[in-house]
1. Considering only segment 310-319, state which residues are surrounded by fewer than 23 Cβ atoms within 10 Å (Cβ to Cβ) and in contact with a strand residue (DSSP E or B) (Cβ under 6 Å, 6 or more places away or on another chain).
2. In contact (Cβ under 8 Å) with a residue 40 or more places away in the chain and buried (at least 19 other Cβ atoms within 10 Å of the Cβ), is that true of residue 64?
3. Residue check: is residue 322 under 30 Å from residue 226 (Cα atoms), touching a residue at least 12 places away in the same chain (Cβ under 8 Å) and buried (at least 23 other Cβ atoms within 10 Å of the Cβ)?
4. For residue 62, state whether it is at negative phi and within 16 Å of the ligand (Cβ to nearest atom).
5. Inspect all residues belonging to segment 314-324 and state whether any of them is assigned to a helix (DSSP H, G or I), away from the ligand (no atom under 16 Å from the Cβ) and at pLDDT 95 or above.
6. What's the number of the only condition in (1) away from the ligand (no atom under 16 Å from the Cβ); (2) in a helix (DSSP H, G or I); (3) more than 22 Å from residue 24 (Cα to Cα); (4) in contact with a helix residue (DSSP H, G or I) (Cβ under 9 Å, 6 or more places away or on another chain) that residue 84 fails to meet?
7. Yes or no: segment 341-351 includes at least one residue that is within 25 Å of the chain's Cα centre (by Cα) and part of a loop (DSSP other than H, G, I, E, B).
8. Restricting the first residue to segment 163-181 and requiring it to be free of Cβ contacts under 8 Å to residues at least 12 places away in the same chain, which pairs with a second residue that is assigned to a loop (DSSP other than H, G, I, E, B) meet a Cβ separation below 7 Å and a spacing of at least six or different chains?
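The values are calculated or read from the model by the stated rules, or taken from the named source; none is laboratory data. Remember, predicted model here, so these are calculated numbers, not experimental data. Cβ placement follows ideal geometry from the backbone for every residue including glycine, while neighbour counts extend to all protein chains displayed.
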Ligand code: GLA
């Protein structure tokens with residue numbers, strides 16, 4: 001679903017009034033991770049791309065002294081006096097992303113002016129496709145309204161909004177990709193230095209996300225548990241972060257910690273191997289290996305995601321598949337030869353429907369550019 005600037009401005013005017021030229025449109029994309037899963041919070045390497053699915057925030061000025069926001073996704077509306085934003089408490093819903101970003105902007109010296117916002121996201125929520133970061137980044141651009149900000153500051157500010165106010169201890173990947181991605185390329189990110197480089201992608205290999213439609217409460221607690229386990233493993237090994245550990249060191253860890261750390265260390269090698277690989281066959285095998293590691297060592301998969309990966313393996317033209325994002329539900333990412341995409345869609349839908357009675361959604365992912373004003 002891609003919205004035109006005019007249709008977004010019209011919808012904004014219908015809600016908030018004003019004339020077309022006064023309505024600014026900002027877009028920030030969701031993202032899909034190809035490899036480097038659950039390694040950004042241990043200073044690892046991530047390979048990801050922005051999606052053409054994005055969150056759109058339209059903005060016009062108002063003279064009410066308030067920040068007013070409507071979410072087109074659920075029809076809910078919120079208003080706060082801008083002067084009260086620094087002391088607003090979390091509502092534990094979508095509006096926390098808006099307020100969290102506003103608070104961080106205040107803190108960073110970018111006061112929020114009274115404005116009307118309309119938020120409309122095409123990124124499926126909770127699917128592991130970076131929907132929260134897309135809202136945060138598009139909101140930040142709308143609240144900045146043309147004021148310049150260094151990209152790294154924008155990324156970190158949005159991440160802090162999520163960590164401190166929305167209550168999710170995420171790493172830096174989603175915001176980084178949403179801000180800095182380049183159309184047509186993957187992005188390899190070094191999460192220690194925040195340096196990145198583009199990696200070209202062949203047009204004959206399609207990247208497809210398949211949404212299991214599973215949304216699990218276990219996601220957030222599982223994520224927190226993995227962060228704590230990684231911290232414990234790091235301390236036991238005496239390394240700066242798990243990124244610096246070797247497989248030999250990891251073998252000395254007890255019980256589940258060993259598997260958690262092995263995933264982080266082996267995933268780092270997979271990212272480098274993927275970038276250096278010649279063709280889709282080798283790259284696809286790395287995706288399957290990543291899934292096995294996330295399932296067996298890191299324990300963030302679920303039966304539905306395992307089923308989608310097993311189904312993918314049995315379909316012609318598929319090179320590789322694995323869960324993507326935080327896990328415990330959400331999507332798999334699949335590398336499929338372009339000519340086989342229709343067959344893949346048909347078979348994965350039929351197979352999953354037969355197994356779970358659920359129709360999965362399939363998204364063709366085309367590497368898109370990062371966040372930007374649209375008007
Ligand atoms: C979520 C977080 C990211 C990253 C992934 C797992 O998407 O927002 O920072 O940790 O999970 O790779």
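1. We begin by selecting, within segment 310-319, every residue surrounded by fewer than 23 Cβ atoms within 10 Å (Cβ to Cβ); these are 310, 313-317, 319.
Answer for segment 310-319, where residues must be surrounded by fewer than 23 Cβ atoms within 10 Å (Cβ to Cβ) and in contact with a strand residue (DSSP E or B) (Cβ under 6 Å, 6 or more places away or on another chain): 317, 319.
2. no
3. Numbers: under 30 Å from residue 226 (Cα atoms): yes; touching a residue at least 12 places away in the same chain (Cβ under 8 Å): yes; buried (at least 23 other Cβ atoms within 10 Å of the Cβ): yes.
Answer is yes for this residue.
4. no
5. Checked segment 314-324: no residue is assigned to a helix (DSSP H, G or I), away from the ligand (no atom under 16 Å from the Cβ) and at pLDDT 95 or above.
6. (4)
7. At the first step, the residues of segment 341-351 found to be within 25 Å of the chain's Cα centre (by Cα) are 341, 344-345, 348-349.
Pick out the ones that are also part of a loop (DSSP other than H, G, I, E, B) and you get none.
No, because not a single residue in segment 341-351 is within 25 Å of the chain's Cα centre (by Cα) and part of a loop (DSSP other than H, G, I, E, B).
8. Here the result reads 163/169; 163/170, each pair linking segment 163-181 to a residue that is assigned to a loop (DSSP other than H, G, I, E, B).
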